[in-house]
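The structure appears right after this line, and notes come after that.
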Amino acid sequence: MRTYQRLTSAEREEISIGLGRGESAANIARRLGRATSTVTRELGCEPGKYRAWLAIQHSVTTVASRRLGKTKIAESLKLRTYVFAKLRDRWSPEQIARRIVEAYPHDMTMRISDESIYRYIYVLPRGELKRTLIKALRHEHKYRRKKKNRVSKSEETRGKIADMLSIEERPKEVADRIVPGHWEGDLIVGKHNQSAVGTLVERTTRYTIIVPLDGRDAETVRKTFAKEVRALPKEMAKTLTYDQGKEMNDHKRFTLVTGMQVYFAHPASPWERGTNENTNGLIRQYFPKGTDFRTVSTREIKVVQRSLNGRPRKTLNFKTPNEAFHSLLR
């Protein structure tokens, strides 16, 4: 006895083509090796309005509803459209869940938890929709995973930078995030270590600047970072915390040109620049490992910068970095 299997996307396309040729449900079923009742049930009461792509979407929604019960996303087109649009913009489920309240303050049907969004995505059957939604998530895991403790490197093999100031000498106001204008910086390295972009993140507002680089040498990095920093309002450019990468060898000249004092984190201590490390992870959503930044235009980089600064952040009470940064300039 054959076990019933749902119609595939290809079979639904064949049904649609068969109807267009004027075939009967029985003939289509025979050609597909299916029972006539399976095809007639698929067509419903209005076979003249059957469209394969609509049937596929309906099937995906129905399967999700059966697995989870009647989910809000499956039942509400308006809610589903909003969630899918924000996922395409690389918003996290938590960001979506919090900002939808502000977008629809009086519409209680437009409410969803981040857990509900995750569950909806991960119970979808295999297919293009599921692949697209998972790709929109930060880590693009095919299955939900338990969090693991990270283990940092135990040794640091790079040489010391001359005349550097340790992070321990940094003003207390920087660590407390009380006063804006203190930044963290780093490089994101491209394919085969042949290219890179620079990243600067303001600690209080999480405002991000992504810097196209023509090279990774100290002079190029110093000049390019200085150009970006000098465009900032003076009150928003006080200090920069960086790791001990050789690209910051010209830190003294950078400080002389910009008035921005550079402090250096301890070796193998990424948590001392946690804001920058987290932001670099967000940027990797757009430029995954293996990206050759020599093939990425300045326009593309700045589009990503605007996208990141327009994404709500939990640490900002779900305001965007743009909103937080510019509110301090009024």
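Coordinate-derived values only; no laboratory data. Model, not experiment: these values are computed from the prediction. Note that each Cβ is placed from the backbone with ideal geometry, even for glycine, and that neighbours are counted across all protein chains shown.
Quick one: of LYS223/LYS314; LYS78/LYS289; LYS191/LYS302, which pairs are farther than 25 Å apart, Cα to Cα?
Working: LYS223/LYS314 33 Å; LYS78/LYS289 35 Å; LYS191/LYS302 20 Å.
Where the Cα-Cα span goes over 25 Å, the pairs concerned are LYS223/LYS314; LYS78/LYS289.
What's the extension gain from ALA231 to VAL179 if we count 0.36 nm per residue and subtract their Cα-Cα distance? Each step should come with its number before you reach the end.
On the way: separation 52, 0.36 × 52 = 18.72 nm, distance 1.93 nm.
Gain on stretching ALA231 to VAL179: 16.8 nm.
If I model a spin label at ARG41 and THR295 as a point 7 Å from the Cα along the Cα→Cβ vector, what separation in nanometres do I get?
About 4.8 nm, to one decimal.
What translational diffusion coefficient, in µm²/s and rounded to a whole number, does the Stokes-Einstein relation yield for segment 261-301 at 4 °C and a viscosity of 1.567 mPa s, taking the hydrodynamic radius as the Kirkwood radius over Cα pairs? Present the calculation step by step, with values, prior to reporting the outcome.
On the way: Rh = 12.3 Å.
The diffusion coefficient I find is 106 µm²/s.
Which FRET efficiency value, to the nearest 0.05, is calculated for ASN278 and LEU328 with the Förster distance at 25 angstrom and r the Cβ-Cβ distance? Walk me through the numbers before you get to the answer.
Values: r = 21 Å, r/R0 = 0.82.
Using R0 = 25 Å, I get an efficiency of 0.75.
What is the order of TYR242, TYR82, TYR118, fewest Cβ neighbours within 10 Å to most? If you can, show how the numbers build up before the last one.
Values: TYR242 26, TYR82 19, TYR118 15.
In increasing order of surrounding Cβ atoms, one gets TYR118, TYR82, TYR242.
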